[in-house]
Amino acid sequence: MMQIKQTSLSRFLTQAAFIICTLTNLSLHAETLWSDNSLSYLKNTSDFQLITNDNINVITFEHASGHNWGDVFFFADRTTASADINHGERKETYGEVSARLSFSYLQGQPIAGDYLKDIYIASTYEHSTGTNNGSGFGFNNYLLGIGASWKLPKFSFVNTNIYYATNDKVDNDVQLTVSWGLPFTIGKQKFTFDGFFDWASAADDHTADFHFNPQLKWDLGHHFGKDKFLELGVEYSFWHNKFGINGLDDESVISALIKIHL
């Protein structure tokens, strides 16, 4: 079983690297406009739904980059939940690779308006592999749809994507994803309020769910002449009908956050 889990994780990382490398080299004229990599540590202050172990830790690697042909966002969460008197040990690696191909790039001229920056062919690959009390689990989901980026005052970015999701373990559905970034200052202090929300439609075997996941971060690195090198803050997770399970109590969890940009 360990070999199966390692193979599944290796396959995910290989596919993620392949997608990023392929899209980064779409043509000889492809350009990387910006790139950011970060490592975060999250510590929850109350119980998540479905994972209620006493000691839960989450480490996240994130990559985001913009290119003349589109953009890429990749993250991998490593969640470890220690065994306690009521629960067995749980370990999970969950990741997503999202790549969007710009219509402006494809047609060779900008698609833009007063508030619209661009329109995209949007794709996401979701992968999970892990163990729960010694039993393995995992899934692979594939999402394809249409995306847009928006020009809104004071926001560094606002993105919307609507997908048709081909799911591994449940019936296929439709997903709407909105993400944003809003930098602001209070006196000499720099902050960022960013995050996302997902809404997924109901199907025969699951109900519709809504996940709202913002972060508020203080730029401690700014005080040492390295903007955004080190950020401290909080993350909030509100999840209605988590994983499409009808009747679950709403998840409402605040986590302490440390984020280092590499």
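Bear in mind that the values in this text are calculations on the coordinates, not laboratory data. Quick caveat: nothing in here was measured; it's all calculated off a predicted structure. Here the Cβ is made from the backbone with ideal geometry for all residues, glycine too, and neighbour counts use every protein chain on show.
Taken one residue at a time, the phi angles of the stretch 242-251 give Karplus couplings (6.51, -1.76, 1.60, θ = phi - 60°) of 3, 6, x, 8, 6, x, 5, 4, 4, 6 Hz. Gly and Pro are set to x.
Assuming R0 = 35 Å, can you tell me the calculated FRET efficiency for the pair A203 and H223, based on Cβ-Cβ distance, to the nearest 0.05?
Efficiency, from the Cβ-Cβ distance: 0.10.
Here the spin labels are modelled as points 7 Å beyond Cα on the Cα-Cβ line, and at S252 and T166 they lie 3.9 nm apart. From least to most packed, judged by other beta carbons within 10 angstrom and beginning with the fewest, Y120, Y164 follow the order Y164, Y120. Shown in residue order for the stretch 166-171 are the 3J(HN,Hα) couplings computed by the Karplus curve 6.51 cos²θ - 1.76 cosθ + 1.60 at θ = phi - 60°: 8, 9, 7, 10, 10, 4 Hz (x for Gly and Pro). Amide H to amide H, with H built 1.01 Å from N, K228 comes under 5 Å of G221, H222, counting only residues 5 or more places away or on other chains. Highest mean packing comes first when the peptides 148-154, 185-191, 256-262 are listed by Cβ atoms within 10 Å, giving 256-262, 148-154, 185-191. Taking the Cα centre of the chain as reference, the dipole from Cβ charges on Lys and Arg (+1) and Asp and Glu (-1) amounts to some 880 debye. Separation of the stretch 58-102 from the stretch 181-201 is 19 Å, based on Cα centroids. Setting aside same-chain residues fewer than 8 positions from K259, which lysines have a Cα under 18 Å from its Cα? Excluding near neighbours in sequence, the set is K43, K190, K217, K226, K228. With a Förster radius of 30 Å applied to the beta-carbon distance between A112 and L176, the computed FRET efficiency rounds to 0.85. Translational diffusion coefficient of the chain (Stokes-Einstein, Kirkwood radius from Cα pairs, 4 °C, 1.567 mPa s): 65 µm²/s. Residues in the stretch 181-186 carry Karplus couplings, in order, of x, 9, x, 7, 10, 10 Hz; the curve used is 6.51 cos²θ - 1.76 cosθ + 1.60 with θ = phi - 60°, and Gly or Pro positions show x. Stokes-Einstein diffusion for the stretch 110-259 at 20 °C, viscosity 1.002 mPa s, with a Kirkwood radius from C-alpha pairs, works out to 121 µm²/s. Sorting H211, H127 by the number of Cβ atoms found within 10 Å of their own Cβ, with the fewest placed first, yields H211, H127. Packing, as the average of other Cβ atoms within 10 Å across residues, places the peptides 105-116, 196-207 in the order 196-207, 105-116, highest first. For the stretch 2-261, the relative contact order works out to 13 percent when only alpha carbon pairs closer than 8 Å and six or more residues apart are counted.
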